[in-house]
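No value in this document is a laboratory result; all are computed from the given coordinates. Predicted model, so just to flag it, every value in this text is computed and none were measured. Glycine gets a Cβ as well: all are built from the backbone with ideal geometry, and neighbour counts include every protein chain shown.
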Amino acid sequence: MLSAPRIITIANQKGGVGKTTTAINLATALAAIGERVLIVDLDPQGNASTGLGIDRHDRLTSAYEVLTGEASIEEAAMRTAVPQLAIVPSTLDLLGVEMEIAGASDRALRLRKALRDTRPGAYSYILVDCPPSLNLLTINAMAAADSVLVPLQCEFFALEGLSQLLETVEQVRAGINPGLDIQGIVLTMYDGRNNLANQVVDDVREHMGDKVYQTVIPRNVRVSEAPSYGKPAILYDLKCAGSQAYLQLASEVIRRERRLRAA
Ligand code: ADP
Ligand code: MG
């Protein structure tokens, strides 16, 4: 029997913490080891779409049409340069979708329903890249997911806002998605030369325990350059420290998914 895809939502209401970079590179790493992967770009800014080389003019059908019910996931999904990695792109239309579906009783369940309708076996992993907000788009992503993956930037206020995010996860679990787990917390943009960064890592591990992945993503120029070439860092420079860290993260994610699935 073909098993259902594992759906992981990448969320943090702070901008610039590495959500999109993690979505793109984790997805690429998963695809590279044989998974069939889909990214759903739920951020109106569309950075995941751009970072995977999808030109704005080519985004004929997007996550907007999926949420309004005008298109299926299959109709909206586009191939990328990465074999076995597809993306449902974002357009600026997403900015208005919240108001458009606000009156519908199933407004928080639109993505879940659409993902349920995908062809069995089409994808083994679906990653949802969220906007920097705990709005209806992020709630749709959490309602649709098996688990939430939280990127935290290694900076002084890393933990700030995390309790609000975890509270939102708790609310979704209490209501529309009781099966929602925390996949894990990944520390991003780590700079080992910075004493503060080391303190932040210790601090987050102390507070969040084994929710925090062993893998820490280093700050790496190659990782930040890659999107301007429309490529995941893993394609742009496989050997760089950032790419290697994302490959390592992928194996941790898979191990955890197996454990969560078995539980
Ligand atoms: P978010 O999606 O949370 O807003 P992004 O993934 O877009 O965050 O990252 C914010 C910025 O930081 C981007 O310019 C990105 O290229 C850069 N960045 C992310 N991760 C790294 C990293 N490991 N090393 C260097 N730059 C990074
Ligand atoms: Mg982003």
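When each of H207, H57 is scored by the number of other beta-carbon atoms lying within 10 Å, the sequence from fewest to most is H57, H207.
In percent, rounded to a whole number, the relative contact order of the stretch 139-185 is 60, using alpha-carbon pairs under 8 Å and six or more apart.
Given DSSP loops and a limit of at most 12 other Cβ atoms within 10 Å, what is the longest stretch of the chain that contains no such chymotrypsin sites (Phe, Trp or Tyr not before Pro)? That gives 1-155 as the longest site-free run.
Sorted ascending by nearby beta carbons within 10 Å, beginning with the fewest, V223, V172 become V172, V223. Of G184, G18, G34, which is the most mobile in a GNM of the chain whose springs link Cα atoms less than 10 angstrom apart? Maximum among the listed residues: G34. Summarising the amide proton neighbourhood of I7: residues at separation of 5 or more, or on other chains, whose placed amide H is nearer than 5 Å comprise I126, D146, S147. Bridgeable lysines around K211 (alpha carbons under 28 Å apart, same-chain partners fewer than 8 residues away excluded): K14, K19, K239. Under a Gaussian network description of the chain, with springs only between Cα atoms under 10 Å, the residue in S163, S147, S243 that fluctuates furthest is S163.
Can you compute the charge dipole magnitude of the chain about its Cα centre, using +1 on each Lys and Arg Cβ and -1 on each Asp and Glu Cβ, nothing else charged? Give it in debye, rounded to the nearest 20. Let's see the in-between values first.
Values: 26 positive and 30 negative charges, 148 e Å.
Dipole magnitude for the chain comes out near 700 debye.
Take the Cα of R56, step 7 Å toward its Cβ, do the same at A174, and the gap between the two points is 4.1 nm.
The GluC sites (Glu not before Pro) of the stretch 155-263 that DSSP puts in a loop, and whose beta carbon has at most 15 other beta carbons within 10 Å, are E160. Full extension of the chain between S251 and S228 gives 5.6 nm of extra length, using 0.36 nm per residue less the Cα-Cα distance. Taking every alpha-carbon pair under 8 Å whose residues sit at least 6 apart, the chain reaches a relative contact order of 25 percent.
Among K231, K239, sorting on how many other beta-carbon atoms sit within 10 Å of each Cβ, with the fewest leading, yields K239, K231.
Full extension of the chain segment joining R116 with A104 gains 2.4 nm, where the gain is 0.36 nm per residue of separation less the Cα-Cα distance. Multiplying each eigenvalue of the alpha-carbon gyration tensor of the stretch 6-257 by 5 and taking the square root yields semi-axes of 27, 22, 16 Å, largest first, rounded to whole angstroms.
Among the GluC sites (Glu not before Pro) found in the stretch 1-70, those both in a DSSP coil and sparsely packed, with 15 or fewer other Cβ atoms within 10 Å of their Cβ, are E70. Each 5 Å bin, from zero up to the one with the longest distance, holds this percent of the alpha carbon pairs of the stretch 29-87: 4, 19, 30, 26, 15, 6, 1. Dipole orientation for the stretch 6-257: of the candidates I217, L159, C240, C240 has the Cα lying most toward the positive pole (charges on Cβ; Lys, Arg +1; Asp, Glu -1).
As a test of the formula, what do you get for the chain when each DSSP H run with n ≥ 4 contributes -39,500 (n - 2.57) and the sum is divided by the residue count, at 222 nm and rounded to the nearest 500 deg cm²/dmol? Per the formula, -12000 deg cm²/dmol.
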